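I have placed the structure first, in the form of structure tokens, so that the comments after it can refer back to it.
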Amino acid sequence: LPCAKFWDHILYKYQGYWMPSRQLNGIISFQKYFKAQNSDIILCTFPKSGTTWLKALVYTTLNRSHCAPNSATHPLLACNPHNLVPYFEMQIYGDENENPNLENLPNPRIFATHLPFSLLPPSISYSNCRIVYICRNPLDQLISYWYFFTSPSPNYNETNSIEELVKMFEEGICMYGPFWDHVLEYWNKSIERKDRILFLYYEDLKEDIISQSIRLADFLGLPFSEEEKDKGVIEDISRLCSFRNLKELEVNKSEDLWPGVPNNIFFRKGEVGDWVNHLSPAMVEKIKKLVEEKFKDSGITFKMTS
Ligand code: A3P
């Protein structure tokens, strides 16, 4: 397979996308063995687009009847969202567990993946399971990515500068990239299959979490009742899942998701438009031009600032 170096990682070009070498076995097992059920909910994202937030929101929304979002014992208060909603390619399938038994997980099963639509196992396409995709403007996504790879102490140097990341991004070389193909595949499918694929923007959630939560619950088949609305359940969910709340939880401050990946790495700034503090005008122009070209006539519009 064609291969590229991306920071400390090796990427392989696999079925048209740049995949982290460490996850390739997990990806292949996922493609080979996963059998979707009609009730499954699958959260699909490009990295650093708001996956953690989406996991928290979907988990809380789907479980709210037996687990009130204002309960002092809510699982989200003690567990990182990535432990409640695992990634197929990183947590479920892997070198140690090629074909785990997923049949007896609580219904509905909620999973996540960074895989593009075209690489999902065939049973996902054939079943009636639901997919929620969240995307984020590429400028903020890039900066979030850069911090992720240079944490805990961002240090500029030739091998991991923002310039280098921008250059690779433009060439489509980044984990699960190219970015534009990833987004466009889900966007086009969401137009074809509105009942099965919900396409969300991170910036819309930031702007109006209440209306987006209602959209999400409707799509998941569990709309909020008038009674729930009156009782403030939607506000409770958005508060529980808010950046500020999750970031301050002890579990997210001091525990690791897995060795070398602390939970706090998933809660940096949580804003729209932080790229203005990091990207030069020339870099911004280049990316904006690329975005214009790649997303032309698609109907996708990215909000770059709040
Ligand atoms: P920043 O680095 O810009 O702060 P992912 O979850 O896909 O890895 O994306 C991580 C990004 O989402 C980070 O962006 C992180 O701070 C932000 N994020 C995490 N939880 C959030 C929440 N509850 N609300 C808003 N943004 C959140």
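The values are calculated or read from the model by the stated rules, or taken from the named source; none is laboratory data. What you are looking at is a predicted structure, and each value in this text was computed from that prediction instead of being measured. Quick reminder, even Gly has a Cβ in these numbers, built from the backbone with ideal geometry, and neighbours come from all protein chains shown. In case anyone asks, the SASA skips ligands and DNA or RNA and just uses the protein heavy atoms, side chains included. Shrake-Rupley method; radii C 1.70, N 1.55, O 1.52, S 1.80 Å.
For TRP187, TRP146, write out the residues from largest to smallest accessible area, computed with a 1.4 angstrom probe and no ligands counted.
Result of the area sort, largest leading: TRP187, TRP146.
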Charge sum, other residues only, whose C-beta stays under 13 Å from MET175's C-beta, Lys/Arg counted +1 and Asp/Glu -1
+2
Please compute P(r) over all alpha-carbon pairs of the range 173-265, binned at 5 Å starting from zero, and give each bin as a whole-number percent.
3, 11, 14, 15, 15, 19, 15, 6, 2, 0
How much net charge surrounds LEU62 when only the other residues with a Cβ under 14 Å from the Cβ of LEU62 are counted, with Lys and Arg +1 and Asp and Glu -1?
+1
Which one, LEU220, MET175, VAL272, projects farthest toward the positive side of the charge dipole computed for the range 171-286 from Cβ point charges (K/R +1, D/E -1)?
MET175
Among LEU54, ALA36, PHE111, the residue whose Cα sits farthest towards the positive end of the charge dipole of the chain (+1 at Cβ of Lys and Arg, -1 at Cβ of Asp and Glu, taken about the Cα centre) is ALA36
Accessible area, 1.4 Å probe, largest first: how do LYS55, LYS194, LYS32 sort?
LYS194, LYS32, LYS55
Over all alpha-carbon pairs of the chain, lay out the pair-distance distribution in 10 Å bins, whole %, shortest bin first.
6, 27, 37, 25, 6, 0
Calculated diffusion of the range 23-85, Stokes-Einstein form, Kirkwood radius summed over Cα pairs, 4 °C and 1.567 mPa s, µm²/s
95 µm²/s
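Would you mind computing Rg(Cα) / (2.2 N^0.38 Å) for the range 149-306, counting N as its residues?
1.24
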So what does VAL261 come to for accessible area, using a 1.4 Å probe and Å² rounded to 10?
30 Å²
What is the sum of charges, Lys and Arg at +1 and Asp and Glu at -1, for the other residues whose Cβ falls under 11 Å from the Cβ of VAL132?
+4
Share of antiparallel DSSP beta bridges in the chain, in percent to the nearest 5?
40 percent
Please quote Rg/Rh for the range 1-116 to two decimal places, taking the Kirkwood radius as Rh and restricting both calculations to Cα atoms.
1.01
Using only alpha carbons, build the gyration tensor for the range 55-130 and give me the equivalent ellipsoid semi-axes, biggest first, whole Å.
25, 15, 12
Roughly what percent of Cα-Cα pairs across the range 58-191 reach past 26 Å?
41 percent
Can you sort ARG136, ARG268, ARG239, ARG244 by 1.4 Å-probe accessible area, starting with the largest?
ARG244, ARG239, ARG268, ARG136
Take peptides 42-53, 161-172, 220-231 and line them up by average Cβ neighbours within 10 Å, highest first, as a rough protection proxy.
42-53, 161-172, 220-231
On average over all directions, what projected area in square nanometres does the range 214-306 have, based on the convex hull of its Cα atoms?
9.9 nm²
